[in-house]
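The numbers here are math on the coordinates, done by the rules we state, and not lab data. As the structure is a prediction and not an experimental result, all values here were calculated from the model. Glycine gets a Cβ as well: all are built from the backbone with ideal geometry, and neighbour counts include every protein chain shown.
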Amino acid sequence: MDKFLKTDEIIEKKLAYFYNMHINCQINLTAIKERDEFYLKHYYDSIYYFQKYGAPFGRLADIGSGGGFPGIVLGIFYPDIEITLIESITKKCKFLEQAVSELELKNIKVKNIRVENIKDEKYDIITARGVATVKDILNNTKNICHNNTKWILYKGEKLENELETAKPLLQKRGLNVEKIRIEEPITRTYCIITY
């Protein structure tokens with residue numbers, strides 16, 4: 001499935017290494033083990049929005065990074081942007097720290113903390129994949145956003161219900177929502193929230 005990703009040799013090597021880290025990991029971070037499926041459902045999904053609509057900029061926070069999607073993948077593709085992986089589960093953080101070290105991703109920091117407990121840090125982009133509802137993400141990230149922050153949320157079939165629940169909060173904060181749906185080669189709705 002590499003044909004879907006615009007890569008170079010350095011990126012290819014790092015993606016292959018990171019895939020092997022997942023395959024050999026003692027904790028189960030993903031049920032997907034087959035290489036092509038892994039590349040498509042994890043790597044392609046992580047990078048699609050940014051390759052199609054423009055590279056990330058400034059400081060990016062990835063909430064509930066888990067196995068490193070999209071945060072580690074974005075760090076591999078965009079070494080010039082500052083990324084913070086925020087993960088509350090310690091064993092997942094240890095994996096992320098090991099990945100950052102072994103992949104020599106100098107642009108990534110890992111924080112073992114709940115996002116709502118972070119103080120004195122602001123981010124230009126906030127990503128979250130398979131983590132919490134739209135309303136919960138907006139509430140939990142209010143300490144780390146500013147008036148130009150952009151949320152890029154990787155969502156599935158329940159997005160409309162989540163947006164309906166979040167509607168009063170979206171209106172109160174003057175936030176705009178854009179939905180980008182893709183059906184091939186994966187099924188995903190990217191929910192973009194901006195001021």
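Of all residues in the range 53-75, how many are at negative phi and touching a residue at least 40 places away in the same chain (Cβ under 8 Å)? Number satisfying all stated conditions: 16. All but one of (1) closer than 27 Å to Phe18 by Cα; (2) touching a residue at least 40 places away in the same chain (Cβ under 8 Å); (3) basic (Lys, Arg) hold for Lys122; which doesn't? Checking Lys122 against (1) closer than 27 Å to Phe18 by Cα; (2) touching a residue at least 40 places away in the same chain (Cβ under 8 Å); (3) basic (Lys, Arg), the one that fails is (1). Residues that are under 14 Å from Gly64 (Cβ atoms), outside any helix (DSSP H, G or I) and free of Cβ contacts under 8 Å to residues at least 40 places away in the same chain occur in the range 126-144; there is at least one.
Check whether at least one residue in the range 25-43 is part of a helix (DSSP H, G or I) and surrounded by 23 or more Cβ atoms within 10 Å (Cβ to Cβ), and report yes or no.
Going through the range 25-43, the residues part of a helix (DSSP H, G or I) turn out to be 35-43.
Imposing the further condition that a residue be surrounded by 23 or more Cβ atoms within 10 Å (Cβ to Cβ) reduces the set to 42-43.
Yes, there is a match, as at least one residue in the range 25-43 is part of a helix (DSSP H, G or I) and surrounded by 23 or more Cβ atoms within 10 Å (Cβ to Cβ).
Of the residues making up the range 48-90, those that are over 11 Å from Asn107 (Cβ atoms), part of a loop (DSSP other than H, G, I, E, B) and either touching a His at 6+ places or on another chain (Cβ under 9 Å) or aromatic (Phe, Trp, Tyr) (or both) are Phe57, Gly67, Gly68, Phe69, Pro70.
Yes/no per residue for (1) of a type in the set (Val, Ile, Thr); (2) over 26 Å from Thr30 (Cβ atoms); (3) more than 16 Å from the chain's Cα centre (by Cα); (4) exposed (fewer than 15 other Cβ atoms within 10 Å of the Cβ):
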| residue | (1), (2), (3), (4) |
| --- | --- |
| Val115 | yes, no, no, no |
| Ile126 | yes, no, no, no |
| Arg129 | no, no, no, no |
| Asn148 | no, yes, yes, yes |
| Arg173 | no, yes, yes, yes |
| Asn176 | no, yes, yes, yes |
| Thr189 | yes, no, no, no |
